[in-house]
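Peer 1: Below is a structure I'd like to ask you about.
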Amino acid sequence: MEKNTKKEGIDIDFSSYDYSQLRRIYDDLKEHIDRIESKKRIPLSLFSSELSGLETIVKYFKENVGLSFKDIAFMVGRSPKTIWQAYNFSKKKYPKKFIVKDFSHTVPLEIFRDRKYSILEHIVLYLKKKNMKLSEIGILLHRNPSTIWTVNSRANKK
């Protein structure tokens, strides 16, 4: 008995197909996906010594992006109560809404899910993987380079 190796399919004539319409659909989808992905990233320009790393993350995603405490908690691997508390502390320390001007350096929110490292350790390790120097990281995070060196050293020991 001989098997039929020919696959049956539908013949489509692409010679008369309007590729410009397909391109517009692709561009719209890409823009939509980029908007969704940008909601999962935090600009490094927001980090300062005024707020802790977690307070900065929670305040930004609550006020600027509009995520719920539950969604933020899920994305960073913390409890909703911890997120709520961090938000309340952040409002007391920095009552104004963040004004973000620089989106050139961002980090993905999912890097914070691993509780092995602190927020600052996650950021430093992420940027080091991107071949950034510790002094550059210090400038981006508004922190002393020796602080960044210490954070990096502790994270590497873990």
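The values are calculated or read from the model by the stated rules, or taken from the named source; none is laboratory data. None of these values were measured; they are calculated from a predicted model. Using ideal geometry, Cβ is built from the backbone for each residue, glycine included, and neighbour counts are taken over all protein chains shown.
Peer 1: Could you tell me which numbered condition residue 123 fails, if it satisfies all but one of (1) of a type outside the set (Gly, Ala, Ser); (2) outside any helix (DSSP H, G or I); (3) surrounded by 13 or more Cβ atoms within 10 Å (Cβ to Cβ)?
Peer 2: (2)
Peer 1: Given 102, 71, which one is touching a Ser or Thr at 6+ places or on another chain (Cβ under 9 Å), modelled with pLDDT under 90 and of a type in the set (D, E, K, R)?
Peer 2: Answer to the selection: 102.
Peer 1: Continuing with the same structure: Only one of these conditions is not met by residue 50: (1) outside any helix (DSSP H, G or I); (2) under 26 Å from residue 158 (Cβ atoms). Which number is it?
Peer 2: (2)
Peer 1: Among (1) in contact with an Asp or Glu (Cβ under 9 Å, 6 or more places away or on another chain); (2) free of Cβ contacts under 8 Å to residues at least 12 places away in the same chain, which single condition is residue 127 missing?
Peer 2: Among (1) in contact with an Asp or Glu (Cβ under 9 Å, 6 or more places away or on another chain); (2) free of Cβ contacts under 8 Å to residues at least 12 places away in the same chain, residue 127 violates only (2).
Peer 1: Working carefully through the options 98, 89, find the one that is surrounded by 12 or more Cβ atoms within 10 Å (Cβ to Cβ) and farther than 19 Å from residue 44 by Cβ. Explain how you work it out, then say what you get.
Peer 2: On the way: 98 fails: farther than 19 Å from residue 44 by Cβ.
From the options 98, 89, the qualifying one is 89.
Peer 1: Filter region 142-158 for residues that are of a type in the set (Val, Ile, Thr) and touching a residue at least 24 places away in the same chain (Cβ under 8 Å); which is farthest from residue 121 (Cα to Cα)? Write out each step before concluding.
Peer 2: First pass over region 142-158, keeping only residues of a type in the set (Val, Ile, Thr): 147-148, 150-151.
Within this subset, residues satisfying the condition of being touching a residue at least 24 places away in the same chain (Cβ under 8 Å) are 148, 151.
Working: 148: 9, 151: 6 Å.
The extreme case among them is 148.
Peer 1: Any residue in region 84-98 that is modelled with pLDDT under 90 and either touching a Gly at 6+ places or on another chain (Cβ under 8 Å) or on the phi > 0 side of the Ramachandran plot (or both)?
Peer 2: no
Peer 1: Going residue by residue through region 54-77, is there one that turns out to be surrounded by fewer than 17 Cβ atoms within 10 Å (Cβ to Cβ), over 19 Å from the mean Cα position of the chain (by Cα), of a type in the set (Val, Ile, Thr) and not in a loop (DSSP other than H, G, I, E, B)?
Peer 2: Checked region 54-77: no residue is surrounded by fewer than 17 Cβ atoms within 10 Å (Cβ to Cβ), over 19 Å from the mean Cα position of the chain (by Cα), of a type in the set (Val, Ile, Thr) and not in a loop (DSSP other than H, G, I, E, B).
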